[in-house]
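Enquirer: Take this structure, written in structure tokens, and hold onto it; I'll ask about it next.
FYI, it's all coordinate maths here, none of it is from the lab. Please read all numbers here as calculations on a predicted model, not as lab measurements. A quick note on method: Cβ atoms are made from the backbone with ideal geometry, for glycine too, and the neighbour counts reach across all protein chains shown.
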Amino acid sequence: MENVTLCVPRPSSQQDPHKPVLARSQLPAKLEGNHVLIKVDKFGFSANNVTYQALGEAPHFRYFDFHPAPRVDEASPETHGVIPVWGFGTVVKSTHPRIQPGERVYGYFAPTKYLLVPVSPADVNKYNFHIPRPHLPADRRPYNQVVRCASDAQYDPSPIAEDLTMLYRPLFWTAFWCENWLDAFSYRDADSFLISSASAKTAFCLAYLIGKRKKTTGKSITIVGLTSKGNVGFTRGLKLYDSVVNYDALESPGELKPSTRKWLYIDVAGNDKLNERVSRHFSESGSLVAGIQLGLTNLSPSAPAASSTKFTTNTSLSAPAPSKGPFEMEQFFMPEWLAVQRTRLRVDEITAMQATAWSELMRDGRDWVRIEYVRGGIAVEQAYREVAQKGTDPTTGMVWSLWDGTEFDRKAASKL
Ligand SMILES: NC(=O)c1ccc[n+]([C@@H]2O[C@H](COP(=O)([O-])OP(=O)(O)OC[C@H]3O[C@@H](n4cnc5c(N)ncnc54)[C@H](OP(=O)(O)O)[C@@H]3O)[C@@H](O)[C@H]2O)c1
């Protein structure tokens, strides 16, 4: 059986990272023991996946170490990486006695038609099974988990619910646990939030969650979004921020004038120059209590600094003292905080918190973005090139599939 996988050049290969490859490989006729073959039906794609690509070889993240590229003429594990994607699939073959063909699953898959993965033999339960990845740190376990939809309380089989799940589940839980982390430090006593790349799903989900806490606690909190000029209209239209300011207007008098307010800056853009401006802007009044690095939407696949990026979340449960001079960004990396919360909260508590938050998101966020489908290898390859060159459009939630489109054409691919 033939497989097709979207692969991208590794930064270390010195090849142009904007030029992906559709790698055609053969799947084994017979599966080894404790393996499953998943037909990857569809997956979401956003700036988050571009970050996975840009940090594919970064030592702290190693996003290319989840799914090795196939060894074929056009790609190899040494020269190419496979960008992880969150998607839905169907088990088509299984050699694990407790997993049967036909089962619907959700997980951290690859942009491919078929995904062949081993299963940890003893790590299979009613809710999920795990892909063994002993070469990766233990806190990456959530990425190794394949969710069994039939037992997933958050699963809704309608196509729109599946699409929203692929788009929001990874980003919403980042925003959710980041807000939970900030709340564990009493928001550092801040009463005002400034969020960069405010049009990104991760950013506006965070604004949504801070807004919900504002309503339930009655606290007086101001949430300001910082975004590109072209995305101001979309971001305002979400009605999740109290105000939205474009990057050029950061220093203009207005919403962001230094004042007696205490600001917490959440950086989703990952742009050093912008962060320096934010630091300078608030430095005289000393009104910035902390800067948190949450995302890196400004990373492009060819970003030279990407490989040196480091993330370590403060999990000590005591807030660092506010810095007096130019502030140093603190990091938030969701798996690290989640690993801490798993030791502090019972599983059923976490499940209940998440179930409530998810059903509210599905009620409130259905119309935040328009869903756009891209089907077939050639179309997906083209869509990837556009995203790599121009960035992602916040108004659109992209759902891609290697299936059902133009048939893979080896001649066209060889022109890349
Ligand atoms: N720390 C963690 O544990 C964690 C977990 C999940 C996600 N994240 C990160 O959160 C970030 C947001 O991801 P998302 O999927 O929510 O984003 P998204 O919805 O695809 O965001 C789209 C927005 O990102 C900005 N953007 C996109 N491409 C760009 C480019 N090439 N150059 C400059 N800006 C660009 C623009 O925002 P503006 O115009 O508003 O700047 C654009 O409107 C990613 O970097 C992701 O890795 C972090």
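Enquirer: Run the helix sum for the chain: -39,500 (n - 2.57) per DSSP H stretch of 4+ residues, divided by residue count, reported at 222 nm to the nearest 500 deg cm²/dmol.
Expert: Working: 10 runs with 121 residues, N = 416.
Roughly -9000 deg cm²/dmol at 222 nm, from the helical runs in the chain.
Enquirer: OK, next. Quote the relative contact order of segment 100-189 in percent (integer), defining contacts as alpha-carbon pairs under 8 Å separated by 6+ residues.
Expert: Numbers: 66 pairs, mean separation 23.4, N = 90.
Relative contact order of segment 100-189: 26 percent.
Enquirer: OK, next. Which of the peptides 187-193, 103-109 is most tightly packed, and how do the rest follow, judged by the mean count of other Cβ atoms within 10 Å per residue? Working shown, then result.
Expert: Values: 187-193: 18.7, 103-109: 22.3.
Ranked by mean Cβ neighbours within 10 Å, highest first: 103-109, 187-193.
Enquirer: Please report, in Å, the Rg and the Dmax of segment 1-107, where both are computed over Cα atoms only.
Expert: For segment 1-107, the Cα-based Rg and Dmax read 14.8, 44 Å.
Enquirer: Per-residue counts of other Cβ atoms within 10 Å, averaged by peptide: what ranking do you get for 65-75, 343-353, highest first?
Expert: On the way: 65-75: 18.6, 343-353: 11.1.
My ranking of the peptides, most packed first, is 65-75, 343-353.
Enquirer: Going by Cα centres, segment 367-390 and segment 325-362 are how many Å apart?
Expert: Using only Cα atoms to place each centre, the spacing works out to 30 Å.
Enquirer: May I have the extent of the alpha carbons of segment 1-41 along their three principal axes, as whole Å values ordered from largest to smallest?
Expert: 37, 19, 17
Enquirer: May I pose another question? What share of the DSSP beta bridges in the chain is antiparallel, in percent to the nearest 5? Mind dumping the intermediate values first?
Expert: On the way: 37 of 64 bridges.
DSSP beta bridges in the chain are roughly 60 percent antiparallel.
Enquirer: Something else: For the chain, compute the orientation-averaged projected area of the C-alpha convex hull (one quarter of its surface), in nm². Intermediate results must be reported in sequence, preceding the final value.
Expert: Working: hull surface 79.3 nm².
The number I arrive at for the chain is 19.8 nm².
Enquirer: Find the relative contact order for the chain and round it to a whole percent, using C-alpha pairs within less than 8 Å whose residues are 6+ positions apart.
Expert: On the way: 805 pairs, mean separation 74.5, N = 416.
Computed over the chain, the figure is 18 percent.
Enquirer: In whole percent, what relative contact order does segment 90-249 give with Cα contacts below 8 Å and a gap of six or more residues? Can you show the working numbers first?
Expert: Details: 195 pairs, mean separation 22.7, N = 160.
For segment 90-249, the relative contact order is 14 percent.
Enquirer: Size of the dipole of segment 1-139 about the Cα centre, Lys and Arg at +1 and Asp and Glu at -1 on the beta carbon, nothing else charged, in debye to 20?
Expert: On the way: 14 positive and 12 negative charges, 83 e Å.
So the magnitude is around 400 debye.
Enquirer: Still on this structure, I have one more. Translational D (Stokes-Einstein, µm²/s) of segment 82-205 at 37 °C and 0.692 mPa s when Rh comes from the Kirkwood sum over C-alpha pairs? Present the calculation step by step, with values, prior to reporting the outcome.
Expert: Values: Rh = 16.6 Å.
So the translational diffusion coefficient is about 198 µm²/s.
Enquirer: Taking N as the number of residues in segment 120-269, what value does Rg over Cα atoms divided by 2.2 N^0.38 Å take?
Expert: 1.28
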